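The values are calculated or read from the model by the stated rules, or taken from the named source; none is laboratory data. The shown structure was predicted, so the numbers you read here are calculated from the model rather than taken from an experiment. When we count neighbours, we look across all protein chains shown, and the Cβ atoms used for this are built from the backbone with ideal geometry, even at glycine. Ligands, DNA and RNA are excluded from the accessible area calculation, which covers all protein heavy atoms including side chains. Shrake-Rupley method; radii C 1.70, N 1.55, O 1.52, S 1.80 Å.
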Amino acid sequence: KLCFIGLFLSGKVSKTLEEFDVEERPSSVLEEKCPNLTVIHSAVKSLDTQSHTVETADGHVFGYEKLCICSGGRPKLLTQENPYVLGIRDTDSAQEFQKRLSKAKTIVVIGNGGIALELVFEVEGCEVIWAVKDKAIGNTFFDPGAAQFLIPSLEADKPERAASCKRPRYTTEEPATGGSHTFTADRHARGRGSGPTETGSALGPDWHEGIVLRGAEQVSRRVSVEYQCEVERILTSEELLSSLQQTLRPENGGSWPVYIQLTNGKTFGCDFVVSATGVVPNTEPFLHGNKFVLADDGGLQVDDHMMTSETDVYAAGDVCTACWEHSPLWQQMRLWTQARQMGWYAGRCMAAHVLSEPIELDFCFELFSHITKFFSYKVVLLGKFNGQGLEPDHELLVRCTKGQEYVKVVLSGGRMVGAVLIGETDLEETFENLILNQMDLTPYGEELLNPNIDIEDYFD
Ligand SMILES: Cc1cc2nc3c(=O)[nH]c(=O)nc-3n(C[C@H](O)[C@H](O)[C@H](O)COP(=O)(O)OP(=O)(O)OC[C@H]3O[C@@H](n4cnc5c(N)ncnc54)[C@H](O)[C@@H]3O)c2cc1C
Ligand SMILES: NC(=O)C1=CN([C@@H]2O[C@H](COP(=O)(O)OP(=O)(O)OC[C@H]3O[C@@H](n4cnc5c(N)ncnc54)[C@H](O)[C@@H]3O)[C@@H](O)[C@H]2O)C=CC1
């Protein structure tokens, strides 16, 4: 990969929330900035923790004193085998998606997290069938109340955005002459080899801004949500036609390259399926011959110094699973914000250990905080925003103005432990403080969300 993705901070929103822009730059920019850095453009093929060496795909062996594995994750696809099932992770897969979409009339999106939420809102000119396991949309980020608030946006036109695209590869890079144009979603068919090392960096925030996600139809957005169902089977047109399958009656007419049968009994024909079903950590090249302890989700277990179970090997970002005793207000989610915080903290830990200096768990792991955008709304998530792991007696306070804002506060024992803020609420800083200082809010009751009280002033 000849590019790294640079983060250019556009400012701190609060103590723990940071917003940033993303711009693709050549890796030489980083080397110029950090003279002690050498970037080697090659995938790591193997790691020998005994001899403290890594071997790259082009056969070079490098020794290390301390090593940090930041190999990210890759899409956990419904199936690796089907050329009509694709995932979105890096610039190449986004480009592939864009190309295939431009000829598509109907696509099916499976999954109910970040990528699905972004796609169903952004895709135009194509019928989108969105199948979710849950009762409401966006289960990894939202409760059903917030989902209800967001649903009308799917029916409205997308607001115009003056987006400046700092990732020109999507729009300017033409496919190589003679390169494979057959719409094969899986990377094996694109002649780039297989295995986990071939994916690039995850796209991160605002990846779809400035790129056209338009299908072949003259329609604006058209999304049908199929709730509480999973994929029963994915069939080719031949399989559908075969005598065994004749009982299946697709909901939509016409002939399609692929059909998807859902557990709710419905079958849809489509041009392709997007599997937006989470990520798996890229650990494979590092495991053989070593004794890494893996977490249940397949990540490299790390302690509160970002150290794996192998001596002198650290890990950060999507590839690792935080296995220290978490602050009651923090949880790991595979997000860019956390990857960045972990990378920064791992670097400090490695330096401290080389210098035999003490180091304490960074403050950023005290409180979960995430700022993003869904359906054109600013979204801020704080602490146990969905009551994760809380006793059933926790309380929720909600304020909602249709089309404008959705504010939810999670209280446990009268203390604020989490919040969801959708829209321009201006409450993030105050709520962050109230969560961090664990003030008893019982006396305020529901007044806490009274729109006529300037809460920021009140708690100042
Ligand atoms: C479409 C999309 C949108 C997203 N939007 C957001 C968002 O709005 N906000 C947010 O906070 N998060 C978002 N995320 C999640 C976020 O991008 C990831 O959590 C984050 O990038 C993880 O960072 P990382 O450095 O751990 O992994 P990655 O960014 O995946 O980087 C891993 C790097 O390691 C390289 N690599 C892998 N294996 C090897 C090997 N064997 N040898 C050498 N190199 C290797 C890869 O090529 C890659 O460059 C999004 C993710 C996707 C896919
Ligand atoms: N704005 C943001 O913060 C964004 C963050 N991301 C991050 O990028 C990563 C990848 O995104 P996603 O793939 O959306 O992962 P995700 O973890 O956000 O969501 C995965 C979804 O797939 C569902 N799922 C899992 N297996 C399934 C199955 N077999 N059938 C049906 N549904 C299934 C889960 O219930 C969940 O709803 C995540 O770490 C996500 O947090 C992605 C896009 C935007």
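Computed FRET efficiency, Cβ-Cβ of His60 and Asn450, R0 41 Å: what is it to the nearest 0.05? Provide the component values of the computation, followed by the final result.
On the way: r = 64 Å, r/R0 = 1.56.
It comes to 0.05.
Calculate one ³J(HN,Hα) per residue across the range 337-345 by plugging θ = phi - 60° into the Karplus curve 6.51 cos²θ - 1.76 cosθ + 1.60, and present them in order as whole Hz with x for glycine and proline.
3, 6, 4, 5, 4, 5, x, 5, 5
Determine the alpha carbon to alpha carbon distance for each of Lys45/Lys291; Lys135/Lys373; Lys15/Lys384; Lys384/Lys408; Lys12/Lys373; Lys135/Lys266 and list only those over 19 Å.
Working: Lys45/Lys291 17 Å; Lys135/Lys373 22 Å; Lys15/Lys384 17 Å; Lys384/Lys408 11 Å; Lys12/Lys373 16 Å; Lys135/Lys266 17 Å.
In this structure, Lys135/Lys373 exceed 19 Å between Cα atoms.
Distance in nm between label sites at Asn433 and Asp134, each 7 Å beyond Cα in the beta-carbon direction?
Using points 7 Å along Cα→Cβ, the separation is 3.1 nm.
Whose amide H sits under 5 Å from the amide H of Cys68, counting only residues 5 or more places off or on another chain, with H placed in the peptide plane?
HN-HN under 5 Å from Cys68: Tyr314.
Ignoring ligands, DNA and RNA, what accessible area per residue does the chain give at 1.4 Å, in Å²? Could you put the intermediate results ahead of the total?
Numbers: 22430 Å² over 460 residues.
Each residue of the chain exposes 49 Å² on average to a 1.4 Å probe.
Go ahead and collect, in residue order, the members of the range 351-379 whose backbone nitrogen is under 14 Å from a label point 7 Å along the Cα-Cβ direction of Asp297.
368-369
Spelling out what I want: for every residue of the range 28-37, take phi, set θ = phi - 60°, compute 6.51 cos²θ - 1.76 cosθ + 1.60 (Karplus), and round to whole Hz; glycine and proline get x.
Result, ordered by residue: 4, 4, 5, 5, 5, 6, 10, x, 8, 9 Hz.
R0 = 35 Å: FRET efficiency of Gln95 with Asn264, Cβ-based, nearest 0.05? Mind dumping the intermediate values first?
Working: r = 33 Å, r/R0 = 0.94.
That gives a FRET efficiency of 0.60.
I need the shape label for the chain. Rule: rounded when a/c is under 1.5, else prolate if a/b > b/c, else oblate, with a, b, c from the alpha carbon gyration tensor.
Note, shape of the chain comes out oblate.
What residues have an amide H closer than 5 Å to that of Val258, excluding those fewer than 5 places away on the same chain, when H is modeled at 1.01 Å from N in the peptide plane?
Cys270
So how do 140-151, 220-231, 441-452 stack up, highest first, on mean other-Cβ count within 10 Å?
Numbers: 140-151: 19.8, 220-231: 16.2, 441-452: 12.8.
Packing order, densest peptide first, comes out as 140-151, 220-231, 441-452.
If R0 is 56 Å, what FRET efficiency do you get for Phe363 and Glu238 from their C-beta distance, rounded to 0.05?
Numbers: r = 58 Å, r/R0 = 1.04.
According to the calculation, E is roughly 0.45.
DSSP beta bridges in the chain, what fraction antiparallel, as a percent rounded to 5?
On the way: 55 of 81 bridges.
If we restrict to bridges inside the chain, about 70 percent are antiparallel.
Residues in the range 329-350, backbone N under 16 Å from the label point at Gln388 (7 Å along the Cα-to-beta-carbon vector): list them, ranges by number please.
Label zone hits: 329-342.
Pulled fully out, how much extra length does the chain show between Glu31 and Ser309, if you take 0.36 nm times their separation in residues and subtract their Cα-Cα distance?
Values: separation 278, 0.36 × 278 = 100.08 nm, distance 3.05 nm.
Between Glu31 and Ser309, full extension yields an extra 97.0 nm.
If each DSSP helix of 4+ residues adds -39,500 (n - 2.57) and the sum is divided by the residues in the chain, what number results at 222 nm, nearest 500 deg cm²/dmol? Walk me through the intermediate numbers first.
On the way: 10 runs with 85 residues, N = 460.
Computed ellipticity for the chain at 222 nm equals -5000 deg cm²/dmol.
Over the range 376-458, what is the relative contact order in percent, taking alpha-carbon pairs closer than 8 angstrom and at least six residues apart?
On the way: 132 pairs, mean separation 23.6, N = 83.
Here the relative contact order equals 28 percent.
Projecting each Cα onto the charge dipole of the chain (Lys/Arg +1, Asp/Glu -1 at the beta carbon, about the Cα centre), which of Gln218, Phe97, Leu355 comes out farthest on the positive side?
Gln218
Grab the Cα-Cα distance for Ser255 and Glu24, subtract it from 0.36 nm times how many residues apart they are, and report the gain in nm with one decimal.
Numbers: separation 231, 0.36 × 231 = 83.16 nm, distance 4.03 nm.
Full extension of this stretch gives 79.1 nm more.
What ³J(HN,Hα) values, in whole Hz, does the Karplus curve 6.51 cos²θ - 1.76 cosθ + 1.60 give for the range 55-62 when θ = phi - 60°, with x put for Gly and Pro?
Listing the rounded values in order: 10, 9, 4, 8, x, 7, 10, 10 Hz.
Please give the contour-minus-distance gain from Thr247 to Thr401: 0.36 nm per residue of separation, less the Cα-Cα distance, rounded to one decimal in nm. Before the final figure, lay out each step's value.
On the way: separation 154, 0.36 × 154 = 55.44 nm, distance 4.63 nm.
The span from Thr247 to Thr401 would gain 50.8 nm if fully extended.
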